[in-house]
1. Strictly greater than 16 Å: what percent of every Cα pair in the stretch 75-174 meets that?
2. Could you list THR286, THR502, THR432 in order of exposure, starting from the residue whose Cβ has the fewest other Cβ atoms within 10 Å?
3. Compute the distribution of all C-alpha to C-alpha distances in the stretch 257-390, in bins of 10 Å from 0, and list the percent of pairs in each, rounded to whole numbers.
4. Going by C-beta contacts inside 10 Å, put VAL457, VAL32 in order with the fewest on the left.
5. In angstroms, what radius of gyration and Dmax does the stretch 220-263 have, counting Cα atoms only?
6. Can you give me the pair-distance distribution of the stretch 231-335, C-alpha pairs, 10 Å bins, whole percents?
7. Using the alpha carbons of the stretch 107-148, what is the convex hull volume per residue in cubic angstrom, as a whole number?
8. Rounded to the nearest 5, what is the percent of antiparallel bridges among the DSSP beta bridges in the chain?
Amino acid sequence: MSVTGAGHNADLIVINGRVQTMDDDNPAAEAVAVKDGAIIAIGSRASIEELKGPATKVIDAKGGSVVPGFIEAHMHLFSGGAELAHLQLTGIHGFEALQKAIRDYAPTRPDAKMLVGQGVDYTVLGSERVTRHHLDAILPDRPFCMAAPDHHTMWANTKALEMAGILQGRTLGPGNEIVMGDDGLAAGELREGEAFGPVLDLAGESRVRLGLSTGGEPDPMPTAAERDADRDIMRRGLAWCARHGITSIQNMDGNLYQLELLAEIEAEEGLPCRVQIPFHYKNFMTLDMLDKASTMSEHYNSEWLSSGMVKVFYDGVLDSWTAVMVEPYADRPDWVGEPLFTPQQFIDLAVAVDKRGLQIAVHSIGDGAVRAVLDGYEAAQKANGKRDSRHRVEHIEVTTTADVPRFAELGVIASMQPPHPPGAMDFPLEPTVSRIGPARWPLSYAWRTLKDAGAHVVFASDWPVSPIDPILGIRAAVLRKPWAESDPDQSFSLRDALAAYTVEGAYAEFAEHRKGTLKPGYMADLVVLSADIEKTPPADLHKVRPVTTICGGKITYQA
């Protein structure tokens, strides 16, 4: 298509690209024109160059793919931004390697109140469980803690446990545990946020975790200097997103403070990504506290900064036996996990949130949790009447044959993470696959099964749990292999994986008529890649890099 006349000069054009629009009516093109933050034309290079005026910025894609901006449908922006400065332990194995990494890092942070490591495998010492004594042998005189990639387990040295006041243990709520040693003292392993919260608070970064740990606001309110530092953490996280081609973020923890920080950044220099921040409802809250979720939704509802969602945790994770299962764990035959809500409490919550017209997103990893959450959504539909609610189930690492068709029947979104299946990317097979057990493997991380059953499947990274890079997620989805030959193939085609990071992400936030696809009138959110992604062998997809990220017509990252 072409548009003529000086008044129609584009602000920016992308030429010489392999444009994958994700629009079935106009699937491929060579060039895109942008004006006032929106796409005004897509077509041949010649037709788009007609829109070039003296002030038009021209981006040459050099034959690389041009795709809609990636929509990160499940991540943690504030804590992820903070963790970029922590010790990264992904891929470290064995005591010597762990010792070297920690001892090399400690002197680079002489003033840190607490040294924090991230991404350490549950099996970092093989079959031996990490204790405080291992960490004391590495670093006895400074407080140190390190987190598993899933952020549901941490290990701390004696100094950290003493300073946090939990060396003697303490009483915690359901699903949380300070593992105790035979000597009557904490062994060093801390399961779930209530257990390791006191340790992490010593790092002076408690505000970045509030949206996850309490859903509440900082108390006392931060000083101007602390607020500046927090805005810088947010900026660091946003820049990291833009660098990876992300133009929209659906954050999965939240409070009012995060919205305020982002609004301040927006007022100062504009946001490089569009951000949705939920209200986080915790199991110690009462239903009247949902007034705050409604207020957040009313006050923040622009294309750049919005709320409108309530995030909930129903269970924990498989690796620490805190996910809730229908049948007992394969390696713990007397245990099905402990939910954070009773089924009835969750039904009451789902009905109340749904009645307010808000969207719900629930962390549900075990098949027992998935079932309870679907039951809650079904109850909400019966109580309040059917509407286009697009409630979400987050993770769905295990499900059952009976629950698969319920996603499509109830109009529920399956929000899943291609980097998460053990063996797909960074996570080792053990202990997870043995914990699940072969009988449940066919319906573990069952993306394809759910999609084939008519569910909307949306992809994300859960950063900082996994690397944020959507292209790595796409690669993991395309290359996915079953754990046993008899298990169904859960892999995605390249196009389906790309759609799960664009089209489906837009659908998940009720924005499919404005973004997730490249077509005239849609938001100018797009990414220019370093190569033609369709012609790249799947195993080499990680070599394809974002070269230019454009959000709302502004260049937010340039390699």
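Every number here is computed from the coordinates shown, using simple stated rules; none is lab data. As the structure is a prediction and not an experimental result, all values here were calculated from the model. Every residue, glycine as well, gets a Cβ built from its backbone with ideal geometry; the counts of neighbours run over all protein chains shown.
1. 57
2. Ascending number of Cβ neighbours within 10 Å: THR286, THR432, THR502.
3. Histogram of Cα-Cα distances, whole percents per bin: 12, 36, 29, 18, 5, 0.
4. VAL457, VAL32
5. Cα radius of gyration and Dmax of the stretch 220-263 are 11.6, 36 Å respectively.
6. 13, 36, 25, 18, 8, 1
7. For the stretch 107-148, the hull spanned by Cα atoms encloses 76 Å³ per residue.
8. Given both bridge residues lie in the chain, the antiparallel proportion sits at roughly 50 percent.
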